[in-house]
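What follows draws every value from the coordinates through simple rules; no lab data is involved. The structure presented is a predicted model; accordingly, all values stated were derived computationally and were not measured. Here Cβ is always computed from backbone atoms with ideal geometry, including for glycine, and neighbour counts include all displayed protein chains.
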Amino acid sequence: MTQQDILRLAISHHNAGRAAEAERLYREVLRQWPGHPVAATLLARLALRAGQVAEARSLLGTAIAAAPEYAQAHATLAECLETTTEAAAAERSHRRALVLAPGQAAYLISLGNAAQQADENHVASSLYRRALAIQPDSIPAANNLASASLKLADPGGAMRATDRVLEREPGHVRATAYRSIALRALGRGEDADALIGLGSLVRNLELEVGEDYPDINAFNSALIEALETHPNLSKDWDPTQRAIRGGAIVPRLLTHDAPVLRAFERHLRAAIDKIMAALPDDPTHPFLSRKPAAYDLDVWANFLGRADHQSAHIHNLGWMSGVYYVAVPDLEPDEDPRAGWIEFNRPGYGIPEPGGEAGIEAIQPRPGMAIVFPSYVWHGTIPFRGAGQRISIAFDLHPRPA
């Protein structure tokens, strides 16, 4: 095959998510044509996704040396530098990419993201608007403009930005989350409440485990043993990808074949199915209108200890999300009685709370209880100082493609 044939096949594998096949072919291009800038840059993107930052930087150095005017190499180098503490160098690479390809909305968005990270929200807003002028249907530009607008105390601007997204993708998780904050900031509390649905869409449920275990305490004891010995248990996690602050996680919980985990999945699905059957039909509601006929579950566990917590966040990839409580800690006599509770409506990602504490709701967890909510509802936990651990199992429900 020619150079272009191999590269074209590698890119098709890359776009289809077949990373191993794409990597092999990119390396073949580089073996036959050392320094090929496109192959080196795309291989660097795979390395970066795998957390291999040093290799990515080396490959990008090769690409830029071979083709100093190749904008994509500079843009990828900026992404690489953003994983380190080299924010100024990352911004220079972003700007270099934009100079080389001024009509690329993606480069404006990346530079806007860097500005927003630096709390330069006026600059970020301008860059996102420029991106939207080039690519009016860009969902990342519109969503990030909504975020910057909320940080600038411009809820009207955030509403207009989310309109752009929701006209194209009704029910989009991030846009709906930003909209809920904007509605509260605009004094439209009833509209925000209708989105969030505390007591109706945000609700408690109980797992019925009697057929497998004597009681919920026996069930939770078996769960704790399975979680503490799970092969995926790790304290090594990426804070840019997860809301947990401190503690440990068990990703891909159900990939381990343990009887109690199989029982947990079965009882959780039974409880979710009951709730879904009782949900009303409403074609105008961003959550209810997307109720799936079938779904898949992504499940993971969180271990929180003294002073650990979950920062306020949403679940971008879910439709319905939830958390099951396996264990809760004892509190110190003098600490906040709500320590360790789950909070709703407090925005995260650096967005200020528009109404002080007035709109914040909290629920006290107890072992054996689960809470479900639309994935766009903001939630986090209050840190605690007491003894013991707060052990929970979180889950996302994803509509299954037809």
Legend entry - Gyration tensor (alpha-carbon) shape descriptor, the stretch 296-390, a/c threshold 1.5: oblate
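Kirkwood Rh, Cα Rg: Rg to Rh for the stretch 203-399?
Working: Rg = 16.6 Å, Rh = 17.5 Å.
Rg/Rh: 0.95.
Given the peptides 340-352, 49-61, 15-27, arrange them by the average over their residues of other C-beta atoms within 10 Å, most packed first.
Details: 340-352: 18.9, 49-61: 16.7, 15-27: 15.2.
Sorting 340-352, 49-61, 15-27 by mean packing, highest first, produces 340-352, 49-61, 15-27.
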Inset, instruction - Would you mind checking the tilt of helix 53-66 against the longest principal axis of the Cα atoms of the chain, expressed as 0 to 90 degrees and rounded to 10? - result: 20
Legend entry - the stretch 78-214: C-alpha gyration tensor shape, a/c 1.5 cut-off, then a/b vs b/c: prolate
Inset, instruction - Using just the helices of the chain, give the 222 nm mean residue ellipticity in deg cm²/dmol: DSSP H runs with n ≥ 4 each add -39,500 (n - 2.57), and the total is spread over all residues, rounded to 500. - result: -15000 deg cm²/dmol
Inset, instruction - Would you give the gap between the C-alpha center of the stretch 323-389 and the C-alpha center of the stretch 202-220, rounded to a whole Å? - result: 21
Legend entry - For the chain: rounded, prolate or oblate by the Cα gyration tensor [a/c cutoff 1.5]: prolate
Inset, instruction - Just subtract the alpha-carbon distance of Ala87 and Ala66 from 0.36 nm times their residue separation and send over the number in nm, one decimal. - result: 5.1 nm
Legend entry - Sites Ser12 and Gln52, calculated FRET efficiency, Cβ-Cβ separation with R0 22 Å, nearest 0.05: 0.45
Legend entry - the stretch 230-302 and the stretch 51-77: distance between their alpha carbon centers, rounded to Å: 37
